[in-house]
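Every read-out reported here was derived from the displayed coordinates using simple, explicitly stated rules and does not represent laboratory data. These figures come from a predicted structure and were not determined experimentally. Heads up, the Cβs are rebuilt from the backbone with ideal geometry, glycines too, and the neighbour counts pull from every protein chain shown.
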Amino acid sequence: MIGASGQVGTELTAELRARYGTEKVIATDITPNPNLREKGPFFILDVLNRAQLYEIVTAHNVKVIYHLAAVLSASGEKKPKFAWKLNMEGLLNVLDVAKDHKLDKVFWPSSIAVFGPTTPRNNTPQDSVMDPNTVYGISKLAGERWCQWYFDNHGVDVRSLRYPGLIGYKSLPGGGTTDYAVEIFYKSLEEHKYTCFLKPDSYLPMMYMPDAIRATLELMDAPAEQVKIRSSYNLGGISFSPKEIAAEIQKHQPDFKIEYKPDFRQAIADSWPKSIDDSRAMQDWNWKNQYGLKEMVADMLTQIGKKVKPVS
Ligand code: AKB
């Protein structure tokens, strides 16, 4: 697992360790993570360090890589050259090691950020106009084409999902445009108020983490011939706006207040789809989303409520 300390990596590592045994799943990240280190094999790895990546794969006879390390959309706009370097060179290092060591499979997440301002925004199809205008989106679109190329030319069994905004309580997202949908829960429980960096009606596709983890594992478990798309699959989930999620939180916490101060992330949100057509994932490997807005909000409030205290 590369990027094991991140929002998805934390949960995916735990799930894979529960499935295959702790010793079988090597967690790596650029920063030390006492939690992961205590619970199983952990190495400091910068995916840009190609030699070290090859070394770990050889020394531990790695068969499958989940490569999650990336700079997300909002951070990418602040450090465009670094985002491009990490997102592209990191992926190419992983695809190369998969080719050279004949790995069984690779998972790499793409994103709804591959779409852009002239893409149809409602129920965005799998194949559509793709004109991303963030560095993150450009790197994800280029990455998708590289995945297809390594599959076509070198037979690398690479599998990918275009994740929507992911919402979970086990770890925090960092540097994304959809991060408000996680922050809002902490602020609602701690301060009973939240200032949102997007406008009230900014619809975006989102997904609750248990569904995202299940989608990832179901795609990785699918027989190779069922995985017909080797760039990346659209993945839908739930679409809602800040106003709608706030209203759902208010059903549990009537005194919760939200105000809106849109910043540079608004333009990014405005360039992305509002909802996604993921019928190809349904057809090819029987994908079905389970959590709706109501269930997700109730569960997030319960789980985060166990770990935060109201600030008086
Ligand atoms: C982001 O907001 O940058 C990510 C994404 C949608 O890929 N959560």
### Message
Below 8 Å between Cα atoms, with a sequence gap of 6+, how large is the relative contact order for region 153-312 in percent?
### Response
35 percent
### Message
Could you identify which residue out of ILE258, ILE65, ILE276 has the top mean-square fluctuation in a GNM of the chain using Cα springs shorter than 10 Å?
### Response
ILE258
### Query
Dipole magnitude of the chain about its Cα centre, charges +1 at Lys/Arg Cβ and -1 at Asp/Glu Cβ only, in debye to the nearest 20?
340 debye
### Query
Using a Gaussian network for the chain with springs between C-alpha atoms less than 10 Å apart, which of these wobbles most: TYR260, TYR291, TYR66?
TYR260
## Note on the structure
Excluding near-sequence neighbours (fewer than 8 apart on one chain), region 1-130 holds lysine pairs with C-alpha atoms under 29 Å apart numbering 17
### Per-residue [θ]222 nm for the chain (sum of -39500 (n - 2.57) over DSSP H runs n ≥ 4, rounded to 500)
-12500 deg cm²/dmol
### Query
Hey, rough spin-label estimate for ASP263 and GLU191, points 7 angstrom out along Cα→Cβ, what's it come to in nanometres?
1.2 nm
### Message
Going by average Cβ density within 10 Å per residue, which order do the peptides 99-105, 17-23 take, highest to lowest?
### Response
99-105, 17-23
#### Entry: Length gained when the stretch LEU48-ARG214 is fully extended (0.36 nm per residue, less Cα-Cα span)
56.9 nm
### Query
Going by how many other Cβ atoms sit within 10 Å of their own, how do MET206, MET300, MET220, MET130 line up, fewest first?
MET130, MET220, MET206, MET300
#### Entry: Efficiency of FRET between VAL308 and GLU15 - r from beta-carbon atoms, R0 25 angstrom, step 0.05
0.55
### Query
Once the Cα atoms of helix 293-305 and of the chain are each reduced to a long axis, what angle between those two axes, in degrees from 0 to 90 to the nearest 10, is obtained?
90 degrees
### Message
Working only with C-alpha atoms, what are the Rg and Dmax values of region 14-140, expressed in angstrom?
### Response
16.6, 47
### Message
Treating region 88-212 as a set of equal point scatterers at the Cα positions, no solvent, please give the Debye-formula log₁₀ I(q)/I(0) at q = 0.12, 0.14, 0.22 Å⁻¹.
### Response
-0.57, -0.74, -1.31
